[in-house]
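Before any comments, here is the structure.
The values are calculated or read from the model by the stated rules, or taken from the named source; none is laboratory data. All values derive from a computational prediction rather than experimental measurement. Virtual Cβ from ideal backbone geometry, glycine too; neighbours counted across all protein chains shown. Ligands, DNA and RNA are excluded from the accessible area calculation, which covers all protein heavy atoms including side chains. Shrake-Rupley method; radii C 1.70, N 1.55, O 1.52, S 1.80 Å.
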Amino acid sequence: MSVLITGSGLYTPSQSISNDELVESYNKYVDSYNLENEEAIKSGDLMALVHSDSDFIKKVSGIEQRFVLDKDGILDPKRMRPSLKERSDEEISIQAEIAVDACKQAMEKAGRSADDIDAVICGCANLQRAYPAIAIEVQESLNIEGYAYDMNVACSSSTFAIQNAYNDILSGVAERILVVNPDICTGHLNFRDRDGHFIFGDACTSVLLEKDTGNPQSNAFEILGTKLKTKFSNNIRNNFGFLNKPEDSNSEAPDKLFIQNGRKVYKDVVPMVEGHIKTHLEELNLEVSDLSRLWLHQANLNMNESISKRILGRDASEKEMPIVLNEYANTSSAGSIIAFHKNNSDINAGEVGVICSFGAGYSVGSVVLRKL
Ligand code: COA
């Protein structure tokens with residue numbers, strides 16, 4: 001029996017922030033901080049903050065802009081975080097709302113309705129509440145019978161969720177499953193951190209997995225295999241959690257938002273992903289030369305160029321390794337699926353590609369696909 005991906009969806013926020021806009025706001029914050037703390041800086045008790053730079057951001061990351069749910073709050077130098085209105089329990093949550101949008105698109109692409117779906121798995125790096133699960137709210141909003149649950153493996157949540165859906169379909173507990181990744185990354189980004197204030201954007205992706213009934217749509221992909229790998233690392237962390245209050249920890253401390261040692265992450269993760277994809281291909285009796293598409297996690301352009309070069313033994317063309325991070329920045333679990341969603345219609349029947357996400361944990365997940 002085989003399992004197919006028959007549709008995908010992408011919710012993109014209507015607002016965006018260019019590097020120049022982000023840097024202008026950051027630099028205003030720096031100037032007012034340095035002015036307010038002039039005495040302490042002069043006496044050596046405090047370090048002066050240093051301006052950020054648009055050209056630096058583009059050069060080290062490849063990011064040119066990001067889509068966001070709220071631009072004004074982020075760019076206000078006195079606020080520097082999105083401003084999202086708290087919703088009542090009777091209203092749909094923001095995360096479920098964008099998830100429903102992406103799921104509807106995936107179902108429409110696949111020619112399926114809610115009656116056809118057996119489960120919803122929501123995989124993302126940050127969930128806006130502990131419970132009830134966002135996935136169950138999505139299930140309710142779409143009128144889907146069956147089961148739904150949330151899971152979090154940071155940026156790799158999408159591929160880890162796809163493996164769960166794949167195995168549930170193979171084992172016969174479900175026939176069609178929506179996997180959805182509503183990643184509102186600007187909620188956990190420290191916009192006062194010069195090293196990383198440019199990294200993230202917001203988006204939501206969805207894919208529909210289904211049992212092959214021998215009657216697939218023309219745009220379907222067969223899943224040839226999935227493979228996951230984790231290895232503990234403190235180099236990407238977020239200590240926000242439900243024990244912060246009982247521990248009386250400082251909720252304003254930087255470690256309650258995303259924090260990383262980007263250099264170390266880069267060095268550790270590049271060979272990890274290279275080895276992972278090569279091993280996965282070997283296990284599926286495929287050669288590197290069989291790969292015509294690399295839909296990689298979208299965190300850093302240089303990183304993706306380095307990974308693809310190590311795998312292919314040469315530079316990947318723009319078509320072979322689609323890049324969306326210039327426009328979307330890092331959208332965590334959504335990134336590799338955005339690359340897939342926007343760049344799969346021109347692939348020929350029989351061609352093989354790999355979706356690969358990677359990030360905190362460390363975690364790496366790959367899904368090898370063949371176009372039907
Ligand atoms: N503007 C201008 N200069 C800046 C800056 C900014 N916003 N932020 C840092 N710099 C400076 C630093 O002070 C440093 O200066 P120094 O060399 O004089 O000390 C220099 O730029 C290099 O900083 P560094 O942080 O080492 O840059 P980098 O080349 O490692 O790039 C990242 C930073 C975050 C873009 C990069 O490390 C990265 O993307 N890593 C992988 C992260 C990743 O994939 N994470 C997964 C998340 S899901």
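So here's what we get for this one:
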item: Residue tally, condition away from the ligand (no atom under 16 Å from the Cβ), out of contact with any Phe, Trp or Tyr (no Cβ under 8 Å at 6 or more places or on another chain) and either within 21 Å of PRO13 (Cα to Cα) or open to solvent by 40 Å² or more (accessible area, probe 1.4 Å) (or both), over region 117-133; result: 5
item: CYS122 vs. criteria touching a residue at least 40 places away in the same chain (Cβ under 8 Å) and part of a strand (DSSP E or B); result: yes
item: In region 331-351, the residues that are in contact (Cβ under 8 Å) with a residue 60 or more places away in the chain and open to solvent by 10 Å² or more (accessible area, probe 1.4 Å); result: HIS341, LYS342, ASN344, SER345
item: Failed criterion for ILE57 (all others in (1) of a type in the set (A, V, I, L, M, F, W, C); (2) away from the ligand (no atom under 16 Å from the Cβ); (3) open to solvent by less than 60 Å² (accessible area, probe 1.4 Å) hold); result: (2)
item: Failed condition for ASN244, given (1) farther than 29 Å from MET1 by Cβ; (2) under 20 Å from the mean Cα position of the chain (by Cα); result: (2)
item: Lone qualifier among THR226, THR230, THR205 - being open to solvent by 70 Å² or more (accessible area, probe 1.4 Å) and either of a type in the set (Asp, Glu) or in contact (Cβ under 8 Å) with a residue 24 or more places away in the chain (or both); result: THR230
item: Matching option when the condition is among the hydroxyl-bearing types (Ser, Thr, Tyr) and in contact (Cβ under 8 Å) with a residue 12 or more places away in the chain, among TYR131, TYR149; result: TYR149
item: Qualifying position, being under 30 Å from ALA148 (Cβ atoms), surrounded by fewer than 17 Cβ atoms within 10 Å (Cβ to Cβ) and out of contact with any Phe, Trp or Tyr (no Cβ under 9 Å at 6 or more places or on another chain), among GLY275, GLY214; result: GLY214
item: Per-region count, region 140-159, residues in a loop (DSSP other than H, G, I, E, B) and buried (at least 16 other Cβ atoms within 10 Å of the Cβ); result: 4
item: Lone qualifier among VAL273, VAL269, VAL265 - being within 16 Å of the ligand (Cβ to nearest atom), in contact with a Cys (Cβ under 9 Å, 6 or more places away or on another chain) and either under 14 Å from TYR362 (Cα atoms) or not in a helix (DSSP H, G or I) (or both); result: VAL273
item: Residue list for region 1-19, restricted to those being within 29 Å of ASP202 (Cα to Cα) and either open to solvent by 80 Å² or more (accessible area, probe 1.4 Å) or part of a loop (DSSP other than H, G, I, E, B) (or both); result: THR12, PRO13, SER14
item: Filter result (more than 17 Å from the chain's Cα centre (by Cα) and crowded, with 24+ Cβ neighbours inside 10 Å) within region 160-171; result: ALA165, ILE169
item: Every pair of residues 6+ apart whose Cβ atoms lie under 8 Å, when the first sits in region 49-74 and is farther than 10 Å from LEU22 by Cα and among the aromatic types (Phe, Trp, Tyr) while the second is within 9 Å of the ligand (Cβ to nearest atom) and open to solvent by 50 Å² or more (accessible area, probe 1.4 Å); result: none
item: Matching residues in region 296-350 - criterion: being within 11 Å of the ligand (Cβ to nearest atom), assigned to a loop (DSSP other than H, G, I, E, B) and among the small types (Gly, Ala, Ser); result: ALA299, ALA329
item: Whichever residue in region 62-95 is of a type in the set (Gly, Ala, Ser) and open to solvent by less than 40 Å² (accessible area, probe 1.4 Å) and, among such residues, is nearest to ALA135 (Cα to Cα); result: SER93
item: Every residue from region 20-45 that is within 16 Å of the ligand (Cβ to nearest atom) and either more than 22 Å from SER332 (Cα to Cα) or open to solvent by 30 Å² or more (accessible area, probe 1.4 Å) (or both); result: ASP20, GLU21, GLU24, SER25, TYR26, ASN27, LYS28, TYR29, VAL30, ASP31, TYR33, ASN34
